[in-house]
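The values are calculated or read from the model by the stated rules, or taken from the named source; none is laboratory data. Everything quoted here is computed from the prediction, not taken from an experiment. When we count neighbours, we look across all protein chains shown, and the Cβ atoms used for this are built from the backbone with ideal geometry, even at glycine. SASA here: full protein model, heavy atoms, side chains in, ligands and nucleic acids out. Shrake-Rupley method; radii C 1.70, N 1.55, O 1.52, S 1.80 Å.
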Amino acid sequence: MKILQVVFLFFTLFSFSQDLERHQWKNRVLIIYTADKNSDELENQFNILSKNKEALLERKLVTYAFTEDAFRFHFDEHWQKLEKSHQRYIPKKKSFKIFLLGLDGNIKLEQSSLLTAKKLFATIDGMEMRRREIRNKK
């Protein structure tokens, strides 16, 4: 099964799938999976993101973080519990995984390591819709 299908299957099974649907054509979505919500990787990733909140807002970027049994939205520090039936869809082979979804909902970036602000913004700024947003602002 293609990774895109896996991601969409994964998200359609969660109670907050409508939240993700509401982002399509309005927000880019950064999805961060970690095996441990107290992991250094997740903390470091959120430190990078929190130092760039204005740039995230400008690029219409929101985040979701997941563990095997919980999720949280954007910079909310409160984790919400995932139903046990959904846990089978969490990736088991990787302890840290990042996906960037474009405005169209398609995966634009996927990696298993910390995402730098430079790479994140270069990826987004290279997207056709983002270039159009920049042109229209001038």
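Numbers for the structure displayed
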item: Lone unmet requirement of (1) outside any loop (DSSP other than H, G, I, E, B); (2) more than 14 Å from the chain's Cα centre (by Cα) for Lys37; result: (1)
item: Extreme residue, least open to solvent (accessible area, probe 1.4 Å), among residues of segment 119-132 that are touching a residue at least 12 places away in the same chain (Cβ under 8 Å) and either of a type in the set (D, E, K, R) or part of a loop (DSSP other than H, G, I, E, B) (or both); result: Arg130
item: Leading residue by the ranking (modelled with the lowest pLDDT) among those in segment 1-51 that are among the polar types (S, T, N, Q) and touching a Leu at 6+ places or on another chain (Cβ under 8 Å); result: Gln24
item: Sole residue being under 17 Å from Arg28 (Cα atoms) and modelled with pLDDT under 95, chosen from Leu120, Leu101, Leu61; result: Leu101
item: Hits in segment 36-81 - residues which are aliphatic (A, V, I, L, M) and open to solvent by 50 Å² or more (accessible area, probe 1.4 Å); result: Leu57
